[in-house]
Structure formats: C-alpha cells, structure tokens
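What follows is a short report on a single structure.
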Amino acid sequence: MELIKLLKQLRKIEPDPAYSERSLNLILSSGRPVKRETGFKEAGFWAWLIQPSFRRTLAAEVSGFVIILIILGVYYFQLQNKNSLVVQADEINASIQLKLNEIQYLIQNDNLETSTTSSLAISLGQAEEELKIAEAELQNNDIEKSLEKIKAVQKIFEEINPTHQ
C-alpha cells in the first residue's frame with residue numbers, strides 16, 4: 001500500500017518552471033536533425049536524376065547512342081545509294097538488251113544493208129570497249145564509274161537505228 005501512495009505522490013511532481021522553459025528553448029533552437037538523402041527512394045526521382053555521377057553516366061550513354069545512330073544512318077544511306085545504282089544499271093541493261101534483240105532479229109532476217117552493217121559493227125565495237133571498262137571499274141568496286149560507262153553504252157545503242165541508216 002505504501003507503494004501506491006508513493007507513486008501518487010511522484011505523479012504530482014512537476015519540473016521547475018525555469019528548467020522547463022530552458023529545456024523548451026534548447027530543443028527549439030537546435031532544429032530538427034536533417035536526414036541526408038542519397039538514395040532513389042529518399043530523394044525522389046528528380047533529385048536522383050540530377051546527381052553529378054548520374055549526369056556523367058547519362059551523358060556517356062546518350063553520346064554512345066547518338067554515335068551508334070550516326071553509324072547506322074550512314075550505313076543505311078550507303079546501302080540505299082548502292083541499291084539505287086543497281087536499279088539504274090538494271091534499267092539501262094534492259095534497254096540495251098532490247099536494242100540487241102532488235103539487231104539480232106534484223107541480222108537473222110537479212111534486213112540490213114551493207115553500209116548499215118559496217119556502221120553497226122563500229123558502234124558495237126565501241127560499246128564492247130565501254131563495257132570492258134565498266135566491268136573493270138566494277139571489279140574495283142567503283143559502282144558509280146561503272147554506271148557512267150554503262151550509260152555511255154546506252155547512248156551508243158540509242159544512236160544505233162539499224163532500220164533507217
């Protein structure tokens with residue numbers, strides 16, 4: 001029973017008013033302890049995003065990505081350029097083949113005059129020389145020069161008109 005009386009008396013004990021005021025002022029003047037935010041969850045996404053180490057990493061990744069895009073773009077456009085040159089060469093080849101078929105038909109049916117035959121032989125000789133040069137350029141992987149020579153052969157064949165010479 002004495003213990004209960006003692007506890008009731010201790011409950012009534014209050015701190016000295018000067019001590020209470022001094023303690024309150026000390027607690028309020030010290031401020032709150034600041035927690036250092038270093039991780040993604042504590043700092044939030046945007047604060048984490050602007051950290052110097054992340055910015056350097058991001059800059060390196062973006063630079064690498066841009067370099068890869070440039071390399072792929074150059075490769076793609078070179079491939080497209082080669083494809084367009086091949087298409088042009090195929091079109092020229094088709095027109096030359098048509099003219100050769102026409103000449104072959106006229107020779108087989110003996111519809112050519114002697115003067116026409118000699119000028120035709122000269123033109124075919126020139127075309128043959130140009131095609132040999134075009135083939136040599138193609139062997140050297142210079143598709144553009146080869147295409148120029150093939151266009152020259154096409155002009156030679158356009159000038160040939162075996163029926164009206």
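So here's what we get for this one:
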read-out: Residue check for Ile96: surrounded by 14 or more Cβ atoms within 10 Å (Cβ to Cβ) and assigned to a helix (DSSP H, G or I); value: yes
read-out: Single unsatisfied condition, Ile143 versus (1) under 30 Å from Gln80 (Cβ atoms); (2) modelled with pLDDT of 80 or more; (3) surrounded by 14 or more Cβ atoms within 10 Å (Cβ to Cβ); value: (2)
read-out: Residue within region 146-154 that is farther than 26 Å from Ser84 by Cα, surrounded by 12 or more Cβ atoms within 10 Å (Cβ to Cβ) and in contact with a helix residue (DSSP H, G or I) (Cβ under 6 Å, 6 or more places away or on another chain) present; value: no
read-out: Any chance Ala136 is surrounded by 13 or more Cβ atoms within 10 Å (Cβ to Cβ) and part of a helix (DSSP H, G or I); value: yes
read-out: Those residues of region 73-98 which are among the small types (Gly, Ala, Ser) and closer than 16 Å to Glu144 by Cβ, in sequence order; value: Ser84, Ala89
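The values are calculated or read from the model by the stated rules, or taken from the named source; none is laboratory data. Remember, it's a predicted structure, so these values are computed and weren't measured experimentally. Backbone-built Cβ (ideal geometry, glycine too); neighbour counts: all protein chains shown.
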